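Visitor: Structure provided below as C-alpha cells; questions to follow.
Just so it is clear, none of the values below were taken in a lab; they were calculated from the coordinates. Every value quoted in this text rests on a predicted model; they were computed, and no experiment measured them. Ideal geometry is used to build each Cβ from the backbone, glycine not excepted, and the neighbour counts take in all protein chains shown.
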Amino acid sequence: MADRGVRDEIRAEADRLEENATFGQQGNLEAAKLWTGWSWGLGSVIAVGSAVGGVLTFATDALQYLAGGLALLAAAATGVHGTLRPAKRAERAQSVAVQFLSVQDRARRLRRVDALTSTDDSVLRDRLDVIASQLDAARERADPTPRWAYRRAKRNIERDGGQTHRVDA
C-alpha cells in the first residue's frame, strides 16, 4: 500500500544518496587524475634520470658530475614513487568512483522510476536500505577526498553540468 508522505520521504532520501554518490564519484575521479599524473611524472624522472645518468657515467669529467646528480634524482624519485604508490592510489580512486557511479544510478532509478511505479512502500524502503549500504561500502573503500578535488568536483557538477544526462538537460 502506498502512503504519499512515506513515498515522498523515500524519494527525498534517494535524492540525497544520489547527490552524495555523485560528489563521491566526481571527487574520486579528480583524485585519480592527480595520482595518475604523479605516477607518470615520477616514472618519467626515474626512467630518464637513470638512462641519461647511466650513459653519462662513461663521459668525461664534468659530465660525470651531471651523471651522479641524475642518478641521485632518479633514486630520490624511486623512493617517493615507492612510498606514495601513485599508480595504486589512482587505480583505487577509479575503482571507488565506479562503485559510487553504481550507487548514483540505482538511487536515481529508485527516485525517478521505482518510487513512481511501485505500489509497495516496504519494497521501496528495502531498496533504499540496500542502496544506502552500498554507499557506505563505497565510502569505506575511498580515501578522504582532498579539498581541491572536492572543489573541482563541485565545479564540474554544478557549473559545468558534468553529471547531467542529455535527457535531463
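Visitor: So how far apart, in nm, are the two label points at Thr117 and Arg16 if each is 7 Å from Cα heading toward Cβ?
Guide: Result: 2.7 nm between the two label points.
Visitor: Can you sort Phe23, Phe58, Phe100 by how many other beta carbons sit within 10 Å, fewest first?
Guide: Phe58, Phe23, Phe100
Visitor: Here's another thing I want to ask about it. Below 8 Å, C-alpha to C-alpha, sequence gap of six or more: please give me the relative contact order for region 1-105 in percent.
Guide: 44
Visitor: Another question, if that's okay. Around Asn28, under 12 Å between beta carbons, what's the net of Lys plus Arg minus Asp minus Glu among the other residues?
Guide: Its environment carries a net charge of +3.
Visitor: Hey, another quick one. For Thr60, Thr78, which order do you get if you count the other beta carbons within 10 Å of each Cβ and list the fewest first?
Guide: Least crowded to most crowded, the residues run Thr60, Thr78.
Visitor: Between Asp143 and Val55, what is the spin-label point distance in nm, taking each point 7 Å from the Cα along the Cα→C-beta axis?
Guide: Placing both labels 7 Å beyond Cα along the Cβ direction yields 3.4 nm.
Visitor: How would you rank Thr57, Thr83, going from fewest to most other Cβ atoms within 10 Å of each one's own Cβ?
Guide: Thr83, Thr57
Visitor: For Trp40 and Val6, compute 0.36 nm times the residue count separating them, minus their Cα-Cα distance, and round to one decimal in nm.
Guide: 7.2 nm
Visitor: Okay, moving on. For the chain, what are Rg and Dmax over the alpha carbons, in angstrom?
Guide: Cα-based Rg and Dmax for the chain come out at 24.0, 88 Å.
Visitor: Got a sec to turn the phi values of region 121-128 into Karplus ³J(HN,Hα) couplings, 6.51 cos²θ - 1.76 cosθ + 1.60 with θ = phi - 60°, whole Hz, x for Gly and Pro?
Guide: Ordered by residue, 3J(HN,Hα) equals 5, 5, 5, 5, 4, 4, 5, 4 Hz.
Visitor: Summing +1 for each Lys or Arg and -1 for each Asp or Glu, what net charge is found among the other residues whose Cβ lies under 12 Å from the Cβ of Leu128?
Guide: That works out to 0.
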